[in-house]
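The values are calculated or read from the model by the stated rules, or taken from the named source; none is laboratory data. Values in this document were obtained by computation on a predicted structure and should not be read as measured data. A quick note on method: Cβ atoms are made from the backbone with ideal geometry, for glycine too, and the neighbour counts reach across all protein chains shown. Just so you know, the surface numbers come from the protein's heavy atoms only, side chains and all, with ligands and any DNA or RNA stripped out. Shrake-Rupley method; radii C 1.70, N 1.55, O 1.52, S 1.80 Å.
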Amino acid sequence: MQIDLSGKTALVTGSTQGIGYAIAAGLARAGARVAVNGRRQESVEAAIQKLEEDTEGGSFVSAPGDITTDDGTRQVTSAVPDADILVNNLGIFGATPPLEIGDDEWRRYFEVNVLASVRMIRAYLPGMKDRSWGRIMNVASDSAVVIPAEMIHYGTSKTALLAVTRGFAKDAAGTGVTVNSLIAGPTHTGGVEDFVYELVDPELPWDEAQREFMAKHRPQSLLQRLIEPEEIANMAVYLSSSFASATTGGAVRVDGGYVDSILP
């Protein structure tokens, strides 16, 4: 299967590192022109420089801006007026005892993990409909389905994102635009390394810490290791292609078998 996204413009939010960076690289390797987003111009330019090296001359656009704000959203949409592929990857997570999560923190998680994606969909879905082609992906999490006690606020926000996905897929019905969620499992990123060390002995070497984390906190994983960001990116690239034209309104699992269900 040869995926060719030549002539397509993609915007990946929160793409200066981690899963977003890997998705940006994967889309660029498939031929898409990729807009890289982060809050700061400096981090976006540094990511683009590295992406150009990693993808051997991929085509990238700088699209800095904090999409949790109206001003930041306008900054991004000015840099990228139209997109054929939108990957809502921006998100925050962290462990907090359930009874210690205050109202402001609940609101912050909803603003970043849900409303920012809604804001981007509102900006780009109309143009996709007009062109009768488009791909929207919202990066969700296994925590949307298996709510972890140590981060209820995060899991709940990702559950809401699944509902957002299904609703906008219905809005796009029959237009040639697909809208899907990616249910990402425990993934090996810098942020996750920090999270792992919040839950296991910070003095442990990384390989040992990872094994202890999976055994104690994610024992139902069939993969029995953290997923690499490139493995999430592979699914995102496929869903961006014409080969995935019949997949819409779905919650597509890239979770290493973590969710104990035969359905998403």
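At-a-glance table
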| read-out | value |
| --- | --- |
| Of all residues making up region 168-185, the number that are assigned to a helix (DSSP H, G or I) and open to solvent by 40 Å² or more (accessible area, probe 1.4 Å) | 3 |
| Residue within region 193-206 that is under 14 Å from Asp142 (Cβ atoms), among the aliphatic types (A, V, I, L, M) and open to solvent by less than 60 Å² (accessible area, probe 1.4 Å) present | no |
| When residues of region 25-55 are limited to those that are aliphatic (A, V, I, L, M) and touching a residue at least 40 places away in the same chain (Cβ under 8 Å), the one surrounded by the fewest Cβ atoms within 10 Å (Cβ to Cβ) | Ala30 |
| Hits in region 56-88 (condition: touching a strand residue (DSSP E or B) at 6+ places or on another chain (Cβ under 9 Å) and surrounded by fewer than 19 Cβ atoms within 10 Å (Cβ to Cβ)) | Ser59, Val61, Ser62, Ala79, Asp82 |
| Every residue from region 50-105 that is part of a loop (DSSP other than H, G, I, E, B) and of a type in the set (Lys, Arg) | none |
| Leading residue by the ranking (nearest to Asn89 (Cα to Cα)) among those in region 193-229 that are more than 22 Å from the chain's Cα centre (by Cα), in a helix (DSSP H, G or I) and among the acidic types (Asp, Glu) | Glu198 |
| Test result for Ser15, open to solvent by 30 Å² or more (accessible area, probe 1.4 Å), under 20 Å from Asp82 (Cα atoms) and touching a residue at least 12 places away in the same chain (Cβ under 8 Å) | no |
